[in-house]
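Reviewing the structure listed below.
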Amino acid sequence: MKSTDFFQTVKDCGAPCNSMFFSENERAVIRYWVGSWAAVCVASCLFTVLTFLIDPSRFRYPERPIVFLAICYLIVGCAYVAGLGAGDSVSCREPFAPPVRLGRLQMLSTITQGHRQSTPCTILFMALYFCCMSAFAWWTCLTLAWFLAAGLKWGHEAIEARSHIFHLVAWAVPAVQTMFVLALGKVEGK
């Protein structure tokens, strides 16, 4: 058994935060690479949302779900940028005190496990999970709206009259999923 496999044998034991799979240099490159793309995502989604706010009548169904997709991805991008700014302080816990009999043992910081250990981690989880699930639902709503418009020749008024169903599915289902995950305490700092 490798020394890194030990944490997998203990129930609810978090993986070490640093240097388990990547060196510090690799982690820095990955963090800034993802952060850079998140910033591009924020800029492009913000442009889309601001364009919508200038003239909402231009975005009618079946294209309107694109605006809600942009809102979801704007929040996801902001969460990634916030994670870049916060570094390991959100996803990692301070090292535990060593066992009494092993007083000189240097303990490692571990990945946050459970939503009660780190409020910032829980908030970022909720933003990411809810908005990603909502974005998946909005993609489905967008394809359904396009199918209704192009395949079944529905007019935009007919699709808009049923748009409340899109909102119910795309916002309520992810909200219930997020609450369910929080209730089970399955939040981790990965």
Test result for ALA183, in contact with a helix residue (DSSP H, G or I) (Cβ under 9 Å, 6 or more places away or on another chain) and not β-branched (Val, Ile, Thr): no
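Which of the following residues is closer than 16 Å to ALA79 by Cβ, in a helix (DSSP H, G or I) and modelled with pLDDT of 95 or more: CYS141, CYS132?
Result of the check over CYS141, CYS132: CYS132.
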Pairs, please: C-beta under 9 Å, at least 6 apart or cross-chain, first residue under 15 Å from HIS164 (Cα atoms) and in contact (Cβ under 8 Å) with a residue 24 or more places away in the chain and in segment 134-150, second assigned to a helix (DSSP H, G or I) and among the charged types (D, E, K, R)? none
Please go through segment 6-22 and give me each residue that is exposed (fewer than 15 other Cβ atoms within 10 Å of the Cβ) and either more than 27 Å from GLY77 (Cβ to Cβ) or at pLDDT 85 or above (or both), ordered by number. PHE6, GLN8, THR9, VAL10, LYS11, ASP12, CYS13, SER19
List pairs: first residue in segment 72-86 and within 21 Å of ALA175 (Cβ to Cβ), second residue of a type in the set (D, E, K, R) and at pLDDT 95 or above anywhere in the structure, Cβ distance under 9 angstrom, at least six positions apart or on different chains. none
Looking at segment 163-190, I want the residues that are at positive phi and have a partner that is at pLDDT below 95 and not charged (D, E, K, R) with Cβ atoms under 8 Å, at least 6 apart or on another chain. Which pairs are those? GLY185/GLY114; GLY185/HIS115
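A quick yes/no check of all residues on (1) under 30 Å from LEU148 (Cβ atoms); (2) assigned to a loop (DSSP other than H, G, I, E, B); (3) at pLDDT below 90:
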{"residue": "ARG60", "(1), (2), (3)": "yes, yes, no"}
{"residue": "VAL67", "(1), (2), (3)": "yes, no, no"}
{"residue": "ILE75", "(1), (2), (3)": "yes, no, no"}
{"residue": "CYS78", "(1), (2), (3)": "no, no, no"}
{"residue": "ALA82", "(1), (2), (3)": "no, no, no"}
{"residue": "ARG104", "(1), (2), (3)": "no, yes, yes"}
{"residue": "MET107", "(1), (2), (3)": "no, yes, yes"}
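The values are calculated or read from the model by the stated rules, or taken from the named source; none is laboratory data. Bear in mind the structure is a predicted one, so any value in this text is a computation, not a measurement. Backbone-built Cβ (ideal geometry, glycine too); neighbour counts: all protein chains shown.
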